[in-house]
Amino acid sequence: MDAEERRREILDAARHAGSVDVGKLAADLGVSKETVRRDLRVLEDHGLVRRTHGGAYPVESAGFETTLAFRTTMHVPEKSRIAAAAADLLGDAETVFIDEGFTPQLIAEALPRDRPLTVITASLSAASGLATRENTTVLLLGGRVRGGTMATVDHWATHMLSGFVIDLAFIGANGISRQYGLTTPDPAVSEVKARVVKVSRRRVFSGVHNKFGAVSFCRFADVSDFETIVTDTGLPLTEANRYSLLGPQIIRV
């Protein structure tokens, strides 16, 4: 196996499992740990993985995106804390956008039941979870349903959004960086998210620490477009402070 084939094996393993360990890769591939580390550095330079202490995890790109089902198995305690903290930012908002993805779905579940709310969402999962609530009106965006994320996209969704002014939007992303802003692999998803940014008065980004520094294919917003960023304590405080210099409040839970 040459270096290129070995790196493809490493990338495939990371995408399948969600992360890889240097020691296990070295044993599985029959090479030294230093060889694996060099391979991971190359893959990181190509924007395909992010290295961690002792391993790496894949970056979602135009050619790779995790499914909603997979996301429900990863970093669940962190996502639950993030969702609870994000829902506390509701304030006096009466109209709320809930993005696709597992963390936004958890935010939807954490929204209060004792006050009237109108929730706009592209997520079938979030819509079905909220639809039976007595005080919640759900507006599901029309469009093509992406099977992997169970969410709607394309011009039907963006056209519907163009007629709204939304008090507060809870928005997710596949990656967020100080240089490139918020990104996602799919152009159709990016168009929906970009339209939400334009029609919302307040915007909150919620995501686990491994989203930070990751860059995907389609850029839809700048960090400065957001009032608040909610993440977990896996994001170092020094890095959180660098993001706060761009404008948003950073909440680590």
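The number of residues in region 129-158 that are among the aromatic types (F, W, Y) and within 20 Å of F70 (Cα to Cα) comes to 0.
Would you mind telling me which numbered condition in (1) surrounded by 19 or more Cβ atoms within 10 Å (Cβ to Cβ); (2) assigned to a helix (DSSP H, G or I) L235 fails? Tallying (1) surrounded by 19 or more Cβ atoms within 10 Å (Cβ to Cβ); (2) assigned to a helix (DSSP H, G or I), L235 fails exactly one: (2). Once region 49-66 is narrowed to residues that are more than 19 Å from V215 (Cβ to Cβ) and in contact (Cβ under 8 Å) with a residue 24 or more places away in the chain, the residue that is most open to solvent (accessible area, probe 1.4 Å) is G54. Restricting region 219-232 to residues that are in contact with a helix residue (DSSP H, G or I) (Cβ under 6 Å, 6 or more places away or on another chain) and either among the acidic types (D, E) or touching a residue at least 60 places away in the same chain (Cβ under 8 Å) (or both), the residue that is most open to solvent (accessible area, probe 1.4 Å) is D225. Any residue in region 71-81 that is assigned by the TED database to the domain that holds S123 and of a type in the set (A, V, I, L, M)? Yes. For region 13-48, filtered to residues that are among the charged types (D, E, K, R) and within 21 Å of the chain's Cα centre (by Cα), the residue that is surrounded by the most Cβ atoms within 10 Å (Cβ to Cβ) is R15. Once region 191-220 is narrowed to residues that are closer than 11 Å to G172 by Cα and among the small types (G, A, S), the residue that is farthest from the chain's Cα centre (by Cα) is S206.
A157: in contact with a Leu (Cβ under 6 Å, 6 or more places away or on another chain) and either at pLDDT below 95 or hydrophobic (A, V, I, L, M, F, W, C) (or both), yes or no? Spell out the reasoning first.
On the way: in contact with a Leu (Cβ under 6 Å, 6 or more places away or on another chain): yes; either at pLDDT below 95 or hydrophobic (A, V, I, L, M, F, W, C) (or both): yes.
Yes.
In summary, A83 fulfils each of the numbered conditions (1) without any contact (Cβ under 8 Å) to a residue 40 or more places away in the chain; (2) assigned to a helix (DSSP H, G or I) with the single exception of condition (1).
Does S190 meet the test of being closer than 18 Å to V145 by Cα, surrounded by 19 or more Cβ atoms within 10 Å (Cβ to Cβ) and touching a residue at least 24 places away in the same chain (Cβ under 8 Å)? Taking the combined requirement at face value, the residue satisfies it. Does A69 qualify as being touching a helix residue (DSSP H, G or I) at 6+ places or on another chain (Cβ under 8 Å) and either in a helix (DSSP H, G or I) or surrounded by 23 or more Cβ atoms within 10 Å (Cβ to Cβ) (or both)? Considered against the rule, which asks whether it is touching a helix residue (DSSP H, G or I) at 6+ places or on another chain (Cβ under 8 Å) and either in a helix (DSSP H, G or I) or surrounded by 23 or more Cβ atoms within 10 Å (Cβ to Cβ) (or both), A69 comes out as no.
Just one of G207, G181, G172, G213 is at pLDDT below 95 and either open to solvent by less than 40 Å² (accessible area, probe 1.4 Å) or closer than 21 Å to A126 by Cα (or both); which is it? Steps first, please.
Details: G207 fails: at pLDDT below 95; G181 fails: at pLDDT below 95; G172 fails: at pLDDT below 95.
Result: G213 is the single residue among G207, G181, G172, G213 that is at pLDDT below 95 and either open to solvent by less than 40 Å² (accessible area, probe 1.4 Å) or closer than 21 Å to A126 by Cα (or both).
The values are calculated or read from the model by the stated rules, or taken from the named source; none is laboratory data. Because the structure is predicted, anything quoted here is derived from the model rather than measured. No Cβ is skipped: glycine too gets one built from the backbone with ideal geometry, and neighbour counts run over all protein chains shown. Quick note on the areas: whole protein, heavy atoms, side chains included, nothing else; ligands and nucleic acids left out. Shrake-Rupley method; radii C 1.70, N 1.55, O 1.52, S 1.80 Å.
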